[in-house]
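Novice: Here it is, the structure in full.
The values are calculated or read from the model by the stated rules, or taken from the named source; none is laboratory data. Note that this is a predicted model, so its numbers are computed, not measured. Note: ideal-geometry Cβ built from the backbone for every residue, glycine included; neighbour counts use all protein chains shown.
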Amino acid sequence: MRIGVSLTSNHPDVKDPREGARWMIERAAAARSSGLASLFIGDQHVSPTPYYQNTPMLGRLLAEWGTAPAGCLFLLPLWHPVLVAEQISTLAALAEGPFIMQCGLGWGEDRFAAMGASFRTRPSAFEEALDIVRRLLAGETVSSSRRFRFAGASLALRPVEPVEVWIGASAPPAIERAARLAEGWIASPSLSREEVRAQADMYRERCAAYGKQPGAIVLRRDIYVGESSSEARAVLEHALRQGYRGVPGDALIAGSVGEVTEQFRAFGELGYTDILVRHLINDQRKVLSSFERLAAVSAALA
């Protein structure tokens, strides 16, 4: 099992916008020092709290990274697909290793309205956009007269390596879409342990139905690796008192190196190939210390 990081881009408590950016840079460097297997950041628009946008931020973080895979999330119905393909091509040129495109439908009718996009038709917009992005990255000249309307688009700058697509999905139709269209599937960080098992089984079954071998089976989890069980438990209890992101307590992982290793190993036994971690606190000192201890977790799993 591989351990990667999905850095939080949302920093509501920062007083100076440069501070949140600095934290993300330091965390990317810490993830590399810990030998983590991949680096990702998310995508959100018209956020009510300070949110650092994916493509410029990842461009900066890649300077701290290395040759391991990296990528970012695109909520495809909120983007023009030609712009997505151009951004991916540029980021892939900056990356020293493979680039992975994560994508999802997006959420929040108010956010779709603010971006001038239709919330109701997002599944069909997603599939149309993904098809266009892939064709452009493959070197085709593409025109479209459907939901996205444009003529004669092509890319002169394209990735030198194939770009894998991982789709984040929780609802059964979305898991089916991931099995049909992508090279990997990302499970939601809020799933209970039983849902983690059931959805992985569903994804593998749908892959088999399409005659495909499952690719990356990825679980997002919000975590903290403590210097001791008691210290980790105190961090978790504080996060829960704050109503942490609406995520159920049993979907969060906090413990010593040994305890976190055992929980991760259990997910590997269910068939997950990757865990993408995000820290459930924003105290920079504690986050960087947790990254150091993640190196021991990764070594134990290896």
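One line per residue, one yes/no per condition, for (1) part of a helix (DSSP H, G or I); (2) closer than 25 Å to L219 by Cβ:
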residue	(1), (2)
R18	yes, no
A21	yes, no
I25	yes, no
A31	yes, yes
L36	no, yes
L61	yes, yes
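Novice: Looking at segment 58-67, is at least one residue in contact (Cβ under 8 Å) with a residue 40 or more places away in the chain and within 17 Å of the chain's Cα centre (by Cα)?
Specialist: Within segment 58-67, one or more residues are in contact (Cβ under 8 Å) with a residue 40 or more places away in the chain and within 17 Å of the chain's Cα centre (by Cα).
Novice: Can you report the number of residues in segment 261-302 which are in contact (Cβ under 8 Å) with a residue 40 or more places away in the chain, assigned to a loop (DSSP other than H, G, I, E, B) and over 14 Å from W23 (Cα atoms)?
Specialist: Of the residues in segment 261-302, 5 are in contact (Cβ under 8 Å) with a residue 40 or more places away in the chain, assigned to a loop (DSSP other than H, G, I, E, B) and over 14 Å from W23 (Cα atoms).
Novice: Among the residues of segment 115-140, which ones are more than 22 Å from A174 (Cα to Cα) and touching a residue at least 24 places away in the same chain (Cβ under 8 Å)?
Specialist: Answer for segment 115-140, where residues must be more than 22 Å from A174 (Cα to Cα) and touching a residue at least 24 places away in the same chain (Cβ under 8 Å): M115, L136, L137.
Novice: Quick check on segment 119-153: of everything there that is surrounded by fewer than 14 Cβ atoms within 10 Å (Cβ to Cβ) and hydroxyl-bearing (S, T, Y), which residue is farthest from A70 (Cα to Cα)?
Specialist: Filtering segment 119-153 for residues that are surrounded by fewer than 14 Cβ atoms within 10 Å (Cβ to Cβ) and hydroxyl-bearing (S, T, Y), the one farthest from A70 (Cα to Cα) comes out as S145.
Novice: Here's a follow-up. In the set T55, T49, which member is touching a helix residue (DSSP H, G or I) at 6+ places or on another chain (Cβ under 8 Å) and farther than 25 Å from M1 by Cα?
Specialist: So the residue among T55, T49 that is touching a helix residue (DSSP H, G or I) at 6+ places or on another chain (Cβ under 8 Å) and farther than 25 Å from M1 by Cα is T55.
Novice: Shifting gears a bit: Enumerate the pairs (first residue in segment 191-206 and touching a residue at least 60 places away in the same chain (Cβ under 8 Å); second residue anywhere and among the polar types (S, T, N, Q) and outside any loop (DSSP other than H, G, I, E, B)) with beta-carbon separation below 7 Å, excluding pairs fewer than 6 apart on the same chain, so at least 6 apart or on different chains.
Specialist: Close Cβ pairs (under 7 Å, with a partner that is among the polar types (S, T, N, Q) and outside any loop (DSSP other than H, G, I, E, B)) amount to L191/Q199.
To keep it simple, each residue is scored yes or no on (1) at pLDDT 95 or above; (2) under 27 Å from K286 (Cβ atoms); (3) basic (K, R).
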| residue | (1), (2), (3) |
| --- | --- |
| K15 | no, yes, yes |
| R22 | yes, yes, yes |
| A30 | yes, yes, no |
| S34 | yes, yes, no |
| H45 | yes, no, no |
| P77 | yes, no, no |
| A92 | yes, no, no |
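Novice: Taking the residues in segment 239-253 that are loosely packed, with under 14 Cβ neighbours inside 10 Å and touching a residue at least 40 places away in the same chain (Cβ under 8 Å) as candidates, determine which candidate is nearest to F267 (Cα to Cα).
Specialist: That would be D250.
Novice: A follow-up question, please. Return the residues of segment 95-118 that are surrounded by fewer than 16 Cβ atoms within 10 Å (Cβ to Cβ), part of a helix (DSSP H, G or I) and either charged (D, E, K, R) or touching a Gly at 6+ places or on another chain (Cβ under 8 Å) (or both); say none if nothing qualifies.
Specialist: Across segment 95-118, the qualifying residues are E109, D110.
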